[in-house]
Amino acid sequence: MPRKIIHIDMDAFYASVEQRDNPDYRGKPVVVGGSPEGRGGVVATASYEARKFGIRSAMPSKKALELCPHVIFVRPRFDVYKLVSQQIREIFSRYTDLIEPLSLDEAFLDVTVDKQGIGSAIDIATAIRAAIRSELNLTASAGISISKFLAKTASDMNKPDGQTFIGPSRVAAFMETLPVEKFFGVGKVTAAKMNSLGLFTGADLKKKDEAELVRHFGKVGHFYYQIARGIDERPVRPDRETKSLAAEDTFPADLTTLADMVQELEKIAVTVSQRLVRNELKGRTITVKIKYADFRQITRSRSLATATDDLATIRDTAVELLTGSGVDDKKIRLLGISVSNFDAAQATDSDSAPSSNGAKNQLELF
């Protein structure tokens, strides 16, 4: 029997909480994080009003100001976001104990057997979103399907404040028409490489044998082969332990100067630090991942005396590891930073005019 998986994704979570708590921010372009003077920092979350100007997460403050000079910058309140996340989690637990949080603002739920005996995953997702609206005055989007990949993909299709159902009989056709850039984990560079190989949709990927995909994309080629066929057997894991937290970037053009490498690594450090703070994690081991233009890959690590989530510590340690690895005369296509070696107590639960019933903009793909 197919599983019933829901992916709930809060809409512009941090910014929405700030707009909820401060009436002066409502209906206005709001950015959480960054600097109002544009002197440093990056956007953590942008309200939908700010996104209309092209402002996005991880964008430098200076760029956000250029796009919208009257944007409102708000200092993050992670203690508040954590509390609201716990309230959302309590709503989830009314329907299932199989809850896998991905961050403070999104989670997978397995409702194949639900605690209230409702049976319909669509009805459960609708009820959850209605409760979030009525009790917390926030909105969420939902994806409903038979696997984690499909549910997560579906939750992005009708945002904000909507939900999408991809039924079992529709999975094969849906995957065949899905553009490769919509595949989870496929960024601009990988999508461009796929396009250069004549791969534009899931149907194109489906025509390739597994060995060919692995030859072109490495181990992730196994995933592309399976998911193009709608196969994703990963369970929802409420007890998932976070071993590490990481971010990386593949560059459109190879980096050839140390200054450019350091600049890009500092941006990645910001993302890693923000994710650690968001998930209330601190780690002792910092690792830098370096992939050369010829696809050779190395890692360099350092363990600190105490666990940290501090941006300056992560950035400076990563830059030292990079500069000490002999990259001066090399061409670099990817850089990444990971933080690991968490305390045991931390490393769980971590790794982002409507209708009255919360069912606005429901899209069903049977």
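The values are calculated or read from the model by the stated rules, or taken from the named source; none is laboratory data. These numbers were taken from a predicted model, which means no experiment stands behind them. In this analysis, Cβ positions are derived from the backbone assuming ideal geometry, glycine residues included, and neighbour counts consider all displayed protein chains.
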Original post:
Among Leu281, Leu265, which is outside the structural domain of Ile146 (by TED's automatic domain parsing), buried (at least 17 other Cβ atoms within 10 Å of the Cβ) and in a loop (DSSP other than H, G, I, E, B)?
Top reply: Leu281
**OP:** Say whether the condition of being within 17 Å of the chain's Cα centre (by Cα) and among the aromatic types (Phe, Trp, Tyr) is met by at least one residue in the stretch 80-98.
**Re:** yes
Original post:
Right, Glu49: among the acidic types (Asp, Glu), modelled with pLDDT of 95 or more and surrounded by 18 or more Cβ atoms within 10 Å (Cβ to Cβ) or not?
Top reply: yes
**OP:** Only residues that are at pLDDT below 90 and of a type in the set (Lys, Arg): list them for the stretch 207-228, please.
**Re:** Lys219
